[in-house]
Amino acid sequence: MIFYYIYLLSVFAISFLLKKKSLFLNYSGENHQSFSNKGNVPLSGGFFILIPLIFFFSNNLEFNFFLVSIFLIGFFSDRKFLVSPKKRFIIQSILIFSFVIIIDLKIASSRIELFDIILNNTIFAYFFTTFCLLILVNGSNFIDGLNGLLISYTLIVLYFLINLGLLDNFIISDKFIDLILILLLLLLLLNISNILMLGDSGAYLLGFFLGFIIISSHINSPNISPYFFISLIWYPCFENLFSIIRKFNKKFSPLKPDNKHLHQLVFFFIKKVLKLNVILSNNLSSIIICFFNFLIIYVSTLNPSSTIFQIQLIILSVIFYNVIYILLNKFYKRKLGFKK
């Protein structure tokens, strides 16, 4: 335990050193980056998350291989060595598909009789599980456009999983999860202070790790509706799917970044209406989004075994998302004086 606290102090000190020395910076002048942040902030969060994960899963070399691989995809993206979104997606797909096959990770049930019959086919189950993990991994990266948003969302999901006793102790011990929570809280503090950012490496890693935990919890909790676990991660997943549909509709590549994600529109609205500086607008936007998602997830925990209840909640959440998006998008267009 003492070594872990030394590690936390090291994370704190190294983060300030990287910031002072201007190392591993995030800002490269791309349009989507300048939307909510024009400063140079080290992309070191992913590295600080990777080290304890490797340590705590040191007996599982296969899992560590995939953790490092997912991290490296994001790291090379952050460093502009792997610029092509298409290539990143292909590599992700191959790695995650290999991962679910090697550890035999399969979504157990959808509680839809016909679909469950199809899920009984092992190959289809592997492809479907890969698809779900890819959606969450990339959705996590999508929502990481605001300080603290992804980290806070991850903390919320882990809190409710712990509170309901749904974590698989054979995979992740109570002691380990407590240490991860402490680390994420420290990274959250540094993130909202603009001392560090997760970067693609950290976002991919958190999304991958969270997805693995949720699917494992689903497999080991047959009495809990699978749609409860969807309720836990509906926001990053729907953000990803919504973005793909929106970009296809505009004849724009779904793999390329833009400034029209919900969190960016919330930031734009807050900044224009409240006249706050970039950092305050950034952090306040994250707080607002996380607050509403906290409420949604809390409501989902009131009846986690009911599929009908969870589906109704997901539908209401999606409707709410779309209404807010339409209103904020109209505000965005009106303020900028053009239509896209």
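Values quoted throughout were computed directly from the atomic coordinates according to the rules given, and no laboratory measurement underlies them. Source: prediction; values computed, not measured. Glycine also receives a Cβ, built like all others from the backbone with ideal geometry; neighbour counts cover every protein chain displayed.
For the chain, build the charge dipole from Cβ charges (+1 Lys, Arg; -1 Asp, Glu) around the Cα centre, then report which of Tyr126, Tyr7, Val41 sits farthest towards its positive end.
Farthest towards the positive end: Val41.
Which of the three applies to the stretch 173-279, rounded, prolate or oblate, going by the alpha-carbon gyration tensor with a ≥ b ≥ c and a/c under 1.5 meaning rounded?
oblate
Can you list the lysines whose alpha carbon is less than 21 Å from that of Lys20, not counting same-chain residues fewer than 8 positions off?
Lys38
Based on other C-beta atoms within 10 Å, arrange Phe81, Phe76, Phe24, Phe229 from fewest to most.
Sorted ascending by nearby Cβ count, the order is Phe81, Phe76, Phe24, Phe229.
Given points 7 Å out from each Cα along the Cα-Cβ axis, report the Arg79 to Phe12 separation in nanometres with one decimal.
Once both label points are built, they end up 2.9 nm from each other.
Taking only DSSP H segments of four or more residues, each worth -39500 (n - 2.57), what value at 222 nm results for the chain once the sum is divided by all its residues, to the nearest 500 deg cm²/dmol?
-24000 deg cm²/dmol
Quick one: Cα convex hull volume of the chain, Å³ per residue? Mind dumping the intermediate values first?
Values: hull volume 45.8 nm³, N = 340.
With only Cα atoms used, the chain gives 135 Å³ per residue.
What is the extension gain from Leu336 to Arg111, computed as 0.36 nm multiplied by their sequence separation minus the C-alpha to C-alpha distance, in nm to one decimal?
This chain segment gains 76.4 nm when fully extended.
Highest mean first, what order results for 288-297, 199-208, 14-23 on Cβ atoms within 10 Å?
The most tightly packed comes first, giving 199-208, 288-297, 14-23.
Tell me, Asp168, Asp178 in order of fewest to most beta-carbon neighbours within 10 Å? Walk me through the intermediate numbers first.
Working: Asp168 16, Asp178 12.
Fewest-to-most ranking of Asp168, Asp178: Asp178, Asp168.
Tell me the Rg and the Dmax, in Å, that the Cα atoms of the stretch 151-234 produce.
Computed over the Cα atoms of the stretch 151-234, radius of gyration and Dmax are 13.3, 43 Å.
For Ser140, Ser253, which order do you get if you count the other beta carbons within 10 Å of each Cβ and list the fewest first?
So the ranking, lowest neighbour count to highest, is Ser253, Ser140.
Would you mind classifying the stretch 62-195 by shape? Square roots of the alpha carbon gyration tensor eigenvalues, ordered a ≥ b ≥ c; an a/c under 1.5 is rounded, otherwise it is prolate if a/b is larger than b/c and oblate if not.
Because a/c hits 1.5 or more and a/b fails to exceed b/c, the stretch 62-195 counts as oblate.
If I take R0 = 41 Å and measure r between the Cβ atoms of Glu62 and Ile319 in this structure, what FRET efficiency does the formula 1/(1 + (r/R0)^6) give, to the nearest 0.05?
Values: r = 41 Å, r/R0 = 1.00.
After rounding to 0.05, the efficiency reads 0.50.
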